[in-house]
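Student: Questions regarding the structure given below will be posed in turn.
Every number in this text was worked out from the coordinates using simple rules, so none of it is lab data. Nothing here was measured: the structure is a model prediction, and the numbers come from that model. Cβ: placed from backbone, ideal geometry, glycine included. Neighbour counts: every protein chain shown.
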């Protein structure tokens, strides 16, 4: 494993986390307000996704014309294409938890270092959920 | 609780997230899906080949808030529920559902949507719908 790949992954995680903080998505109240269309609706999250896709979509097209990544042997693009029960059932369960807690994996990890008890409890429960789903597979 | 609409900050933050997703693929050739990266580090059968870069990515994510506070003095607002049993249930559902459904907001919502993947578009619409439904039940029915 080369040091450049590690440095790139570290910087990528940092940039990702800063983006989540700047966008306001580390605040679960903001996420729940996005989902509360008939209540205190805050459409900010749509702008987060829009801003991200506006960069990633053309960027991925550009990368698609390249031979491979800088510090690894090949691009690992996902290959699955079928719409199955696992995909949609999993997404439905994920969305229910996302609405209930206002957190998804990126934002909760980007804010857990701030030390709020609720975020630490959520991270522990989420990791338990990861392990349970892998065991069930 | 009310939060203010922040189109500019959210668009800029979103662009940084998009740039990070792009850098992940450009540098180590991987999708920047947080549930996938973290769950592959965990048992059973942790994935050894992606482990060093996975750990480095998670470390960067964890360092983002403390470094932001150190560099700017700005402490991000985190209005999290004080009901710990709700948070436990929510966390388990998020973890279980994202592994079962092969992705979360980052993997499907950002990376997959950017590849115009039909699977990711369907997953994103599904988790948005159940999220809206649960928040509606929680805030307006129960």
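Student: Which is more than 7 Å from chain B (Cβ to nearest Cβ) and in a helix (DSSP H, G or I), of A:126, A:120?
Tutor: Numbers: A:126 fails: more than 7 Å from chain B (Cβ to nearest Cβ).
Step by step, each of A:126, A:120 is checked, and only A:120 is more than 7 Å from chain B (Cβ to nearest Cβ) and in a helix (DSSP H, G or I).
Student: Same structure again: Anything in region B:78-99 that is surrounded by fewer than 24 Cβ atoms within 10 Å (Cβ to Cβ) and in a helix (DSSP H, G or I)? List them, or say none.
Tutor: B:84, B:85, B:86, B:88, B:89, B:92
Student: Please enumerate the residues belonging to region A:25-49 that are surrounded by fewer than 20 Cβ atoms within 10 Å (Cβ to Cβ) and more than 7 Å from chain B (Cβ to nearest Cβ).
Tutor: Within region A:25-49, A:41, A:46 meet the criteria.
Student: Pick from A:92, A:133: which is in a helix (DSSP H, G or I) and within 28 Å of residue A:22 (Cα to Cα)?
Tutor: The conditions single out A:92.
Student: Let me ask you something else. Among the residues that make up region A:3-24, is at least one of them in contact with a helix residue (DSSP H, G or I) (Cβ under 6 Å, 6 or more places away or on another chain) and exposed (fewer than 15 other Cβ atoms within 10 Å of the Cβ)? Steps first, please.
Tutor: Quick first cut of region A:3-24, residues in contact with a helix residue (DSSP H, G or I) (Cβ under 6 Å, 6 or more places away or on another chain) only: A:5-6, A:8-10, A:12-24.
If we keep only those that are exposed (fewer than 15 other Cβ atoms within 10 Å of the Cβ) as well, we get none.
Within region A:3-24, none of the residues are in contact with a helix residue (DSSP H, G or I) (Cβ under 6 Å, 6 or more places away or on another chain) and exposed (fewer than 15 other Cβ atoms within 10 Å of the Cβ).
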